[in-house]
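Asks: Sharing a structure, written as structure tokens. Questions coming.
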Amino acid sequence: MSLTRRLVRRVAPRLVYFLTHPRTRALRRHLAELRRRSTGAPHRVHYFHEPADPHSQLVAQVLPALCARYEIALETHLVGPPAAAAAPERARLEAWGRKDAADVAPFYGLAFPPDAAAPDAFALERAGCLLAASIARGDFVAQAARVGAALWQGGGAALEALARELPAAEPEQLRQAVARGDALRDRFGHYLSAMLYYGGEWYWGVDRLTHLERRLQALRLVRGATEAQPPLVTRPDFANQPPPTAQRRLQLEYFPSLRSPYSAIAMRRVLRLAERLPVELVLRPVLPMVMRGLPVPAAKRRYIVLDAKREAEDAGARFGFMCDPVGRPVERGFSLFPFARARGRAAEYLAAFTR
């Protein structure tokens, strides 16, 4: 290994540890609050919405409650889909998004049709024009979920009915609104939709809304309340529920990346799940994206590291002093996996590798 690579391997974990440390995060938030106060600006939360994104439809359903509970100024923006570098297998990602939104919506008390198909271009434009006009009028929060429900559930007829009730922007106005939203999202440093941005930090979808709420409550922004409030949407927790009576043994397949911090954070919970429930765990480790020739933009890497720290804290997992194993270390990790699996210790081995 060259001197440069050895130096990087020594310095990088310490840099990640510093960037993700709670004290560093507290300092970033303190500086953001000082900047806000110095300009007299309100507590401004930006929301980036894409009509074709199922997770944007889930967020649209909680925006009225978010604005009603907290003393924030919500600014909404329409954006287009992520660039190819951030979504290299777009068709699969879009199909997964529809299925995932339908799967998780009931556990958050939200709605998304389980059989939703990809909307056609005409329906997407019509929905976008309705949303662009609602932003201009200032009633996006009240109308976004209605427009989304018509798009995903009712199809063309439902959108036409809404268009007779609500004014719609022209297609050129929609394109200009999306261009402005894309430019602002790029300037703030992100690439996805269903994103909330406040004071230098990003929060994806309803799944990360709890992190934003904790921050807003720490700033005492709950309207008419002096004590902490339960989150608007709570992640379901089945860890302490008794296991169901097994009718048949299911197979649980887990595809961890040997580089992904999310895989490392989830590893312990997946193994515990397999121990508690009547399932057969099948481990299928995958190569990191960059080792499969897929790009990972800098904004994506930065967001993943900072977001993974918050998730690790919630999961009670240690995270921060991280050595990137991309390249030869991952290859060596894979080379030993068949050996460990043949001896019935695959799960123990992967857990040790991620630690």
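The values are calculated or read from the model by the stated rules, or taken from the named source; none is laboratory data. None of these values were measured; they are calculated from a predicted model. Positions of Cβ are generated from backbone atoms using ideal geometry, with glycine treated the same way; all protein chains shown enter the neighbour counts. Ligands, DNA and RNA are stripped out before the accessible areas are found, and what is left, the full protein with its side chains, is counted by its heavy atoms. Shrake-Rupley method; radii C 1.70, N 1.55, O 1.52, S 1.80 Å.
Asks: Counting Lys and Arg as +1 and Asp and Glu as -1, what is the net charge of the other residues whose Cβ lies under 12 Å from the Cβ of R36?
Replies: The answer is +3.
Asks: Another one. Provide the convex hull volume over Cα atoms per residue for segment 218-355, in Å³.
Replies: With only Cα atoms used, segment 218-355 gives 165 Å³ per residue.
Asks: Related question: By per-residue mean of other Cβ atoms within 10 Å, what is the highest-first order of 303-310, 69-76?
Replies: 303-310, 69-76
Asks: Using only Cα atoms, find the angle between the long axis of helix 328-342 and the longest principal axis of the chain, and express it within 0 to 90 degrees, rounded to the nearest 10.
Replies: Helix 328-342 sits at roughly 70 degrees to that axis.
Asks: Roughly how many debye, to the nearest 20, is the charge dipole of the chain about its Cα centre, given +1 on each Lys and Arg Cβ, -1 on each Asp and Glu Cβ, and no other charges?
Replies: 2100 debye
Asks: So how much slack lies between E170 and R248, counting 0.36 nm per residue of separation and subtracting their Cα-Cα distance, in nm?
Replies: 22.5 nm
Asks: Shifting gears a bit: Where does helix 209-218 land angle-wise versus the long Cα axis of the chain, in degrees 0 to 90, nearest 10?
Replies: 80 degrees
Asks: Under a plain spin-label model, where a point goes 7 Å from the Cα along Cα-to-Cβ, how far apart in nm are R220 and F122?
Replies: So the label points at R220 and F122 sit 5.6 nm apart.
Asks: Also, quick follow-up: If you work out Rg and Dmax of the Cα atoms in Å from the coordinates, which of (1) 21.2, 70; (2) 22.2, 68; (3) 21.0, 76 do you get?
Replies: Matching entry in (1) 21.2, 70; (2) 22.2, 68; (3) 21.0, 76: (2).
Asks: Please report Rg over Rh for segment 57-201, where both radii come from the alpha carbon positions and Rh follows the Kirkwood definition.
Replies: 0.94
Asks: What is the ratio of the Cα radius of gyration of segment 297-355 to 2.2 N^0.38 Å, with N the residue count, to two decimals?
Replies: Expressed relative to 2.2 N^0.38 Å, the Cα Rg reads 1.36.
Asks: Let me ask something additional. With labels modelled as points extended 7 Å from the Cα through the Cβ direction, what inter-label distance (nm, one decimal) is found for R292 paired with A26?
Replies: 4.0 nm
Asks: Next question, about the same structure. Taking a probe of 1.4 angstrom, what is the accessible area of S38 in Å², to the nearest 10?
Replies: Surface open to solvent at S38 totals about 90 Å².
Asks: With n ≥ 4 as the cut-off for DSSP H runs, can you work out [θ] at 222 nm for the chain, using -39500 (n - 2.57) per run divided by the number of residues, rounded to the nearest 500?
Replies: One gets -17500 deg cm²/dmol as the mean residue ellipticity at 222 nm.
Asks: Here's a follow-up. For the modelled label position 7 Å from the Cα of A83 along Cα-to-Cβ, which residues of segment 257-297 have backbone nitrogen atoms closer than 13 Å?
Replies: 295-297
Asks: To continue, here is another question. On alpha-carbon atoms, Rg over Rh for segment 1-142 using Kirkwood Rh?
Replies: Reported Rg/Rh (Cα atoms, Kirkwood Rh): 1.08.
Asks: Express in whole angstrom the spacing between the alpha-carbon centres of segment 262-302 and segment 99-115.
Replies: Their Cα centres are 23 Å away from one another.
Asks: Amide H of G80: which non-local residues (sequence gap of 5 or more, or other chain) have their own amide H closer than 5 Å, using H built in the peptide plane?
Replies: Residues meeting the amide H criterion: D182.
Asks: Follow-up question, since we're still on this one. Restricting the count to DSSP beta bridges whose residues both fall in segment 196-285, what percent are antiparallel, rounded to a multiple of 5?
Replies: About 40 percent, rounded to the nearest 5.
Asks: Nearest 10 degrees, 0 to 90: what angle lies between the long axis of helix 22-39 and the longest principal axis of the chain (Cα atoms)?
Replies: In the chain, helix 22-39 runs at an angle near 20 degrees to the longest axis.
Asks: Out of every Cα pair in segment 153-248, what percent are spaced more than 16 Å from each other?
Replies: 75 percent
Asks: Give, in nm to one decimal, the length gained when the segment between L19 and F255 is fully stretched (0.36 nm per residue of separation minus the Cα-Cα distance).
Replies: Once the chain is fully extended between L19 and F255, it gains 82.2 nm.
Asks: Okay, next question. At a Förster radius of 56 Å, what calculated FRET efficiency corresponds to the Cβ-Cβ distance of Q229 and S2, to the nearest 0.05?
Replies: Calculated transfer efficiency: 0.55.
Asks: OK, next. Can you give me the three principal axis dimensions of segment 270-328 from its C-alpha atoms, in Å, biggest first?
Replies: Principal-axis extents of the Cα atoms in segment 270-328, largest first: 40, 27, 19 Å.
Asks: Nearest 0.05, what FRET efficiency do A68 and A91 give at R0 = 41 Å with Cβ-Cβ as r?
Replies: Efficiency at R0 = 41 Å is approximately 0.60.
Asks: Which sequence of C129, C67, C323 reflects their accessible areas, 1.4 Å probe, from the largest down?
Replies: C323, C67, C129
Asks: Say a paramagnetic label sat at a point 7 Å from the Cα of R36, along Cα to Cβ; which residues of segment 283-303 have their backbone N under 15 Å from it?
Replies: Within reach of a label on R36, which here means backbone N under 15 Å from a point 7 Å along Cα→Cβ, segment 283-303 contributes nothing.
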